[in-house]
Amino acid sequence: MAAGGLRYTYTLNKYASLVTELRYLPAFKDFADYRFFHESAIEVPLAADFWKLRIGVANDYNSRPPGGLKNLDTTYYTRLLLKWK
């Protein structure tokens, strides 16, 4: 599968930012068979600048899911992120 995507970060203030990611993954032989992924979250720094807390929602859409499964899978999550240079 080939991949194409977009990531956008918007800084709300010095304490929070909005992170959004979109990905489109078509099948190589049939463009009607694809997956679309969307994730949006609020990210806030914790006591140290390299620790962040991310709270968000992720949607994964499959145009042709395996038998008996739904097309859309939605996940609500909380993540603890560690960022270093």
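How large is ³J(HN,Hα) for each residue in the range 13-23, as worked out from phi by the Karplus curve 6.51 cos²θ - 1.76 cosθ + 1.60 (θ = phi - 60°), to whole Hz, x for Gly and Pro?
Taking θ as phi minus 60°, the curve returns 7, 6, 10, 8, 9, 9, 10, 10, 9, 10, 9 Hz for the range 13-23.
Just in the range 6-85: which chymotrypsin sites (Phe, Trp or Tyr not before Pro) are loop by DSSP and have at most 10 other Cβ atoms within 10 Å?
Values: sites: Y8, Y10, Y15, Y24, F28, F31, Y34, F36, F37, F50, W51, Y61, Y76, Y77, W84; in loops: Y15, F28, F31, F50, W84.
When the chymotrypsin sites (Phe, Trp or Tyr not before Pro) of the range 6-85 are filtered for loop state and at most 10 Cβ neighbours within 10 Å, Y15, F28, F31, W84 remain.
Treat every Asp and Glu Cβ in the chain as -1 and every Lys and Arg Cβ as +1, leave all other atoms uncharged, and give the resulting dipole magnitude about the Cα centre to the nearest 20 debye. All intermediate terms of the calculation are to be shown ahead of the outcome.
On the way: 12 positive and 8 negative charges, 46 e Å.
For this selection, approximately 220 debye.
Counting other C-beta atoms within 10 Å, which of K83, K52 has the fewest, and how do the rest follow?
Lowest count first: K83, K52.
Could you give me D for the range 4-82, from Stokes-Einstein at 25 °C and 0.890 mPa s, where the hydrodynamic radius is the Kirkwood radius over C-alpha pairs? Units µm² s⁻¹, please.
Values: Rh = 14.2 Å.
Translational diffusion coefficient: 172 µm²/s.
Can you give me the relative contact order of the range 4-82 as a percent, contacts being Cα pairs under 8 Å and 6 or more apart?
Details: 166 pairs, mean separation 17.8, N = 79.
Over the range 4-82, the number comes to 23 percent.
Read the figures in this text as sums done on the coordinates, not as results from a lab. None of these values were measured; they are calculated from a predicted model. Note that we place each Cβ from the backbone using ideal geometry, even for glycine, and neighbour counts take in every protein chain shown.
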